[in-house]
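Read-outs: derived from the displayed coordinates by stated rules, not from any lab. The structure displayed is predicted, hence computed values, not measured ones. Cβ placement follows ideal geometry from the backbone for every residue including glycine, while neighbour counts extend to all protein chains displayed.
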Amino acid sequence: MLVIQGILVHPDVLKEQFVCNLEHCRGACCWEGSYGAPLEKQEMELLENIQETLLTELSPDHQEVLAENGGSKYYRGMQQWGTGLMPDGACVYLKRNKQGIATCGIENAWKAGKIEFRKPVSCHLYPVRVRKDNFTGMEMLVYDRWDICHAACLLGESLRVPVYRFVKDALIRRYGEAFYAELDAIANDYQD
């Protein structure tokens, strides 16, 4: 385990390869699983404040669930708040494009300039997850392996893109430029 600016980083974040391949997975991470995307407290408040704008980005069935249940829910299994889910398990903010690929209604609104919030940082960081190390109490970055991302691993290998580089913008968003620069320097030494 590496320590960068007080954050634990699992070596797999540096050495494993990954690039999302939406043509193959169709965005399955947005509808598979048992929980919504983890949310930070300020993200829950932000989503509540922009809900009316987000409703315009979603299909009627998603609008209905969002209006009735809100955009977040507490999940006992993961012991934290996450995005709400549709009855079929899809994220309440999911929207499919013309090709049937899942897109994020939040990110679509951000790209259109309707809101300033891009999307939950946990989604932006994926396949990196932020965990709490039970022994030290420190934040820990881990690579979340999921079989639905097999095509992303193959694409990452062919393009030679380590996980941490794939999520560069998200890491900078969460931890800042200096953190990423230090991580990158260590990763270069680590991979040599």
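Things to note:
- Per-region count, the stretch 140-149, residues touching a residue at least 12 places away in the same chain (Cβ under 8 Å) and closer than 17 Å to Gly27 by Cβ: 4
- In the stretch 137-161, of all residues being touching a helix residue (DSSP H, G or I) at 6+ places or on another chain (Cβ under 8 Å) and farther than 16 Å from Asn21 by Cβ, the one that is surrounded by the fewest Cβ atoms within 10 Å (Cβ to Cβ) corresponds to Val142.
- Exactly one residue out of Tyr75, Tyr126 is closer than 30 Å to Leu55 by Cβ and in contact with a Gly (Cβ under 8 Å, 6 or more places away or on another chain), and it is Tyr75.
- Residue in the stretch 55-71 that is nearest to the chain's Cα centre (by Cα), counting only those that are in contact (Cβ under 8 Å) with a residue 24 or more places away in the chain and under 17 Å from Glu107 (Cβ atoms): Gly71
- Residue check: Met140 meets all listed conditions (1) assigned to a loop (DSSP other than H, G, I, E, B); (2) touching a strand residue (DSSP E or B) at 6+ places or on another chain (Cβ under 6 Å); (3) among the aliphatic types (A, V, I, L, M) but one, namely (1).
- Checked against (1) out of contact with any helix residue (DSSP H, G or I) (no Cβ under 6 Å at 6 or more places or on another chain); (2) charged (D, E, K, R); (3) more than 28 Å from Arg131 (Cα to Cα), Glu43 passes all but condition (3).
- All positions within the stretch 29-54 that are over 17 Å from the mean Cα position of the chain (by Cα), surrounded by 16 or more Cβ atoms within 10 Å (Cβ to Cβ) and free of Cβ contacts under 8 Å to residues at least 40 places away in the same chain: none
- Subset of the stretch 56-99 [of a type outside the set (S, T, N, Q), assigned to a helix (DSSP H, G or I) and surrounded by 16 or more Cβ atoms within 10 Å (Cβ to Cβ)]: His62, Val65, Leu66
- Scanning the stretch 134-163 for residues that are over 13 Å from the mean Cα position of the chain (by Cα) and hydroxyl-bearing (Ser, Thr, Tyr) yields Thr136, Ser158.
- The stretch 112-136: number of residues that are more than 22 Å from Tyr164 (Cα to Cα) and either acidic (Asp, Glu) or loosely packed, with under 13 Cβ neighbours inside 10 Å (or both): 6
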